[in-house]
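The values are calculated or read from the model by the stated rules, or taken from the named source; none is laboratory data. Because the structure is predicted, anything quoted here is derived from the model rather than measured. As a convention, Cβ positions derive from the backbone with ideal geometry for all residues, glycine included, and neighbour counts pool all protein chains shown.
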Amino acid sequence: MFGVGQAQAGNLERMQCPFCAATDTRVIDSRPAEGGSAVRRRRGCDSCENRFTTYERSDTVLMVRKRDGSLQRFSAAKLRHGLETALAERPNADEIIGAVVDDVMIVARRQSPVVDSDEIGRAVLEALRSNDEVAYLRFVSVYKDFTGARDFEAEMASFEASDRP
Ligand SMILES: [Zn+2]
């Protein structure tokens with residue numbers, strides 16, 4: 001999931017103080033951590049003078065386990081493309097798609113580093129339904145030839161890519 005104290009791009013030195021919420025914080029010390037895969041930063045707040053620590057890590061590469069057991073790299077771009085196709089003429093499609101992709105990524109990262117393709121399919125459906133009922137129904141209607149949920153989930157699994165976006 002989301003590490004404590006992930007730095008925002010361009011805002012490295014000014015992470016919000018967890019004690020007083022001031023933004024005038026600074027990095028006191030920075031060093032490699034976790035075998036070099038993370039950076040540990042000791043920070044100080046100029047307002048309340050408390051100190052705190054942040055860790056910066058790269059996003060985990062997420063793998064999808066397909067029905068046949070093979071693993072493929074999860075591609076949010078492919079998921080987005082599939083949603084764009086289904087919701088092309090829907091008003092606010094961009095917003096809906098962004099919200100759905102975000103929701104699906106949260107579910108997927110919970111299972112990190114490997115998530116089942118069925119679980120991705122279910123997450124897409126639930127995210128669509130909670131973000132926009134009409135979009136959800138429209139999306140399902142695109143796949144009206146399917147005989148059931150399992151077929152639908154199998155189709156959703158095709159949104160995962162074997163190649164990089
Ligand atoms: Zn403070």
Flagged in region 47-70 as closer than 19 Å to VAL124 by Cβ and more than 12 Å from the chain's Cα centre (by Cα), in numbering order, are MET63, VAL64, ARG65, LYS66, ARG67
Please tell me if ILE96 is farther than 22 Å from ARG67 by Cα and modelled with pLDDT of 80 or more.
yes
Extreme residue, farthest from the chain's Cα centre (by Cα), among residues of region 81-117 that are of a type in the set (D, E, K, R) and under 12 Å from LEU128 (Cα atoms)
GLU95
Within region 73-91, can one find any residue that is within 29 Å of ARG14 (Cβ to Cβ), touching a residue at least 24 places away in the same chain (Cβ under 8 Å), in the same structural domain as ALA135 (by TED's automatic domain parsing) and away from the ligand (no atom under 16 Å from the Cβ)?
yes
Counting residues that are buried (at least 18 other Cβ atoms within 10 Å of the Cβ), which strands (runs of 3 or more DSSP E) fully inside region 16-135 reach at least 1?
25-33, 38-45, 51-57, 63-65, 114-116
Just to be sure I understand the filter: pairs with C-beta atoms under 8 Å, separated by 6 or more residues or on different chains, first member in region 37-54 and touching a residue at least 40 places away in the same chain (Cβ under 8 Å) and within 13 Å of CYS17 (Cα to Cα), second member in a loop (DSSP other than H, G, I, E, B) and of a type in the set (S, T, N, Q). Which pairs pass?
THR54/GLN6
Taking region 17-46 as the search range and keeping residues that are over 26 Å from the mean Cα position of the chain (by Cα) and among the small types (Gly, Ala, Ser), which one is nearest to the ligand (Cβ to nearest atom)?
ALA22
